[in-house]
Amino acid sequence: MALTKLNFGGSQTSLVASNMPSGSVLQTLSMTTNSNTAHSTLNTYTNTNLTLDITPSSTSNKILVISSFSARAYHTAYNSWGRIGLYRGSTLVCTRDVNKDGGNNAEWATVPSGFVHLDSPSSTSAQTYLIKAKLIVGTSYSAQIDIGEFYNDSTNDETNQQSHTLMEIKG
């Protein structure tokens, strides 16, 4: 295990980012929610409840994004297929797919999902990292992708905790 020796030297009495080694965590922001979101718009990403802003202190620093949530694909006949996207502002950074194939009955499937991504925004302006989802299916039956929901009980849908964490890493 690597250790970092802190050397304040001179009149410095506190640790400042400029004296920390590369790879140090400079700031961490995190949020959790139990609210679920449904996404039934074809081929158009819509927002979930997972969004955070962070302002990097240097253009050479990176942002580590760690998100955890469940994704449920639901359909009333045949299949449902959706895509979950990690965005930095309006830029799509990476994606995950969720789908449920099946027969002519209403069916659902829930899977644990999330993102772990090291991003290089090259900016000292505030950066918004958010999770969006969209439905990808082109037929006439009902289908949707749910983020944060894991059972098909319309009178008492269960939700689970979702999290979204941003860490600024010194470059």
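The values are calculated or read from the model by the stated rules, or taken from the named source; none is laboratory data. Remember, it's a predicted structure, so these values are computed and weren't measured experimentally. Cβ sites come from the backbone with ideal geometry, for glycine too, and all protein chains shown count toward neighbours. Keep in mind that these areas ignore ligands, DNA and RNA; they rest on the heavy atoms of the full protein, side chains included. Shrake-Rupley method; radii C 1.70, N 1.55, O 1.52, S 1.80 Å.
The single residue among ILE84, ILE63 that is touching an Asp or Glu at 6+ places or on another chain (Cβ under 6 Å) and open to solvent by less than 30 Å² (accessible area, probe 1.4 Å) turns out to be ILE63.
Residues in the range 22-60 that are closer than 21 Å to LEU92 by Cβ and either loosely packed, with under 13 Cβ neighbours inside 10 Å or among the acidic types (Asp, Glu) (or both): LEU42, ASN43, THR44, ASP53. Whenever a residue of the range 44-59 is without any contact (Cβ under 8 Å) to a residue 12 or more places away in the chain, it has no partner that is open to solvent by 40 Å² or more (accessible area, probe 1.4 Å) and among the charged types (D, E, K, R) lying with C-beta atoms less than 6 angstrom away and at least six residues away or across chains.
You will find that of SER142, SER120, the residue that is at pLDDT 95 or above and touching a Ser or Thr at 6+ places or on another chain (Cβ under 9 Å) is SER120 and no other.
Can you name the strands (runs of 3 or more DSSP E) wholly within the range 26-116 that have at least 1 residues being modelled with pLDDT under 80?
Working: elements: 37-39, 46-54, 62-75, 79-88, 91-101.
Of the strands (runs of 3 or more DSSP E) lying wholly inside the range 26-116, those with at least 1 residues that are modelled with pLDDT under 80 span 37-39, 62-75, 79-88, 91-101.
Among the residues of the range 30-70, just one is touching a Leu at 6+ places or on another chain (Cβ under 7 Å) and among the charged types (D, E, K, R), namely LYS62.
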